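Reviewing the structure listed below.
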Amino acid sequence: MHVRTAPAPKAALALADRLDRELVRLSRSFDKVKYRSTEPGSDGIERAAYAILLALVREGAQRTSRLAGSLHAKISTISRQSSSLVQLGLVERQADPRDRRAFLLAVTAEGRLVFEETRERRNRWLAEVLDGWTEEDRRNVIRLFGGLNTEIETHFPVLAHPAEASR
């Protein structure tokens, strides 16, 4: 629920507009990098697959509905993406011990290996991008992005990831 506040001053709106432009630019840059990392011959995995593997590695086996909720995606989308990961042998379906009619998605040993390799490659790339930055600047951007994410989640609690909210 939003609390109504007085209109933001012009200066705050101008800064918000500049930030918005930079966020769009950042998003486009990541989209371009993502596209290049999943071209034929690349050993990268798509961003959606990486997000699913990340959630399963960090949080363990879970139902499709829970995964969809934590990734802010439709169940049908997660179902389709996870089916592809199952076919690749990166994820497996396991019977849910609490409800034998349902199943859990779990990362396989191969999936964990692919995730770790992709994570390492992504981290190397980002470290290279930030090579000219001071350690203080790197820490500041992490702090500022963390603060921005927290503020967004505060204003839109439905976006808060359960694991992050408990920290």
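Read-outs: derived from the displayed coordinates by stated rules, not from any lab. Bear in mind that the values here come from a model prediction, so they are computed numbers and not experimental data. Because the Cβ atoms are built from the backbone with ideal geometry, glycine has one as well, and the counts that use them run over all protein chains shown.
Worth pointing out:
- Among G147, S76, V129 the positive-end extreme of the charge dipole of the range 60-167 (Cβ point charges): S76
- Relative contact order, whole percent, for the range 22-153 stands at 19, derived from Cα pairs under 8 Å and 6 or more residues apart.
- In this structure, the amide hydrogen of F103, modeled 1.01 Å from its nitrogen in the peptide plane, lies closer than 5 angstrom to those of D96, counting only residues at least 5 positions away or on a different chain.
- FRET efficiency for I152 and D17, using Cβ-Cβ distance with R0 set to 22 Å, rounded to 0.05: 0.85
- Magnitude of the charge dipole for the range 52-153, about its Cα centre and with charges confined to Cβ atoms of Lys, Arg (+1) and Asp, Glu (-1), is about 620 debye.
- Overall form of the range 59-151 per C-alpha gyration tensor (a/c, 1.5; a/b vs b/c): prolate
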